[in-house]
Amino acid sequence: MFTADRSRTVTLPPLVLGGLRPLHRQMLRSNVASASFEHDAAGAEFEICLTECEHGPELLVSSRRHGIGFTLAMTTHFRVAPALSVDTYRRLCEILAPGEEPAPTVVADFLQSVVAQSPAVLSRTHSCAA
């Protein structure tokens, strides 16, 4: 399921965010370091930024309105093992499923919806500060 360690981090089960591959491929071909798009979930607007870093792609997720932000490092196969601070995990679950207990499936479903709604072409994105 998930683990919480002494450093106040919640580690969720690994996920594959393979739907980001087409956008990432275009970024590499076009020599673009980052691409961002907006994502609406549960009435909250999130800014999503896919960046190419030294060790592979990273997904930055933030919501200024809700004061939340985190980064997920991905392998070259778009596999992530989300590790969020306990506060970020609880806040994200509170935003996405108000009134319910925090659950790993809430975060996993959110990340899958980000992938499902991500643009496949750069012309539908804008650059973001990485």
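The values are calculated or read from the model by the stated rules, or taken from the named source; none is laboratory data. If you're wondering where the values come from, they're calculated on a predicted model, not measured in any experiment. We place every Cβ from the backbone using ideal geometry, glycine too, and count neighbours over all the protein chains shown. These accessible areas exclude ligands, DNA and RNA; they are computed on the full protein's heavy atoms, side chains included. Shrake-Rupley method; radii C 1.70, N 1.55, O 1.52, S 1.80 Å.
Being in contact with a helix residue (DSSP H, G or I) (Cβ under 7 Å, 6 or more places away or on another chain), at pLDDT below 95 and open to solvent by 20 Å² or more (accessible area, probe 1.4 Å): is that true of residue 129 here?
In short, no.
Any chance segment 95-106 includes a residue that's without any contact (Cβ under 8 Å) to a residue 24 or more places away in the chain, in contact with a Cys (Cβ under 8 Å, 6 or more places away or on another chain), closer than 24 Å to residue 10 by Cα and part of a helix (DSSP H, G or I)? Among the residues of segment 95-106, at least one is without any contact (Cβ under 8 Å) to a residue 24 or more places away in the chain, in contact with a Cys (Cβ under 8 Å, 6 or more places away or on another chain), closer than 24 Å to residue 10 by Cα and part of a helix (DSSP H, G or I), which makes the answer yes. For residue 116, the requirement of being under 14 Å from residue 60 (Cα atoms), among the hydrophobic types (A, V, I, L, M, F, W, C) and at pLDDT below 95 is not met. Only a single item in (1) outside any loop (DSSP other than H, G, I, E, B); (2) touching a residue at least 24 places away in the same chain (Cβ under 8 Å); (3) open to solvent by 10 Å² or more (accessible area, probe 1.4 Å) is not met by residue 45, and it is number (2). Check segment 81-89 and report whether any residue there is part of a strand (DSSP E or B) and buried (at least 17 other Cβ atoms within 10 Å of the Cβ). Yes, because at least one residue in segment 81-89 is part of a strand (DSSP E or B) and buried (at least 17 other Cβ atoms within 10 Å of the Cβ). Pairs linking a residue in segment 64-77 that is open to solvent by 60 Å² or more (accessible area, probe 1.4 Å) to a residue that is of a type in the set (A, V, I, L, M), with Cβ atoms under 8 Å and 6 or more positions apart or on different chains, are 65/44; 71/59; 71/60; 71/61; 73/80; 77/16.
Between 96, 20, 60, the distinction of being touching a Leu at 6+ places or on another chain (Cβ under 7 Å) and crowded, with 18+ Cβ neighbours inside 10 Å belongs to 20 only.
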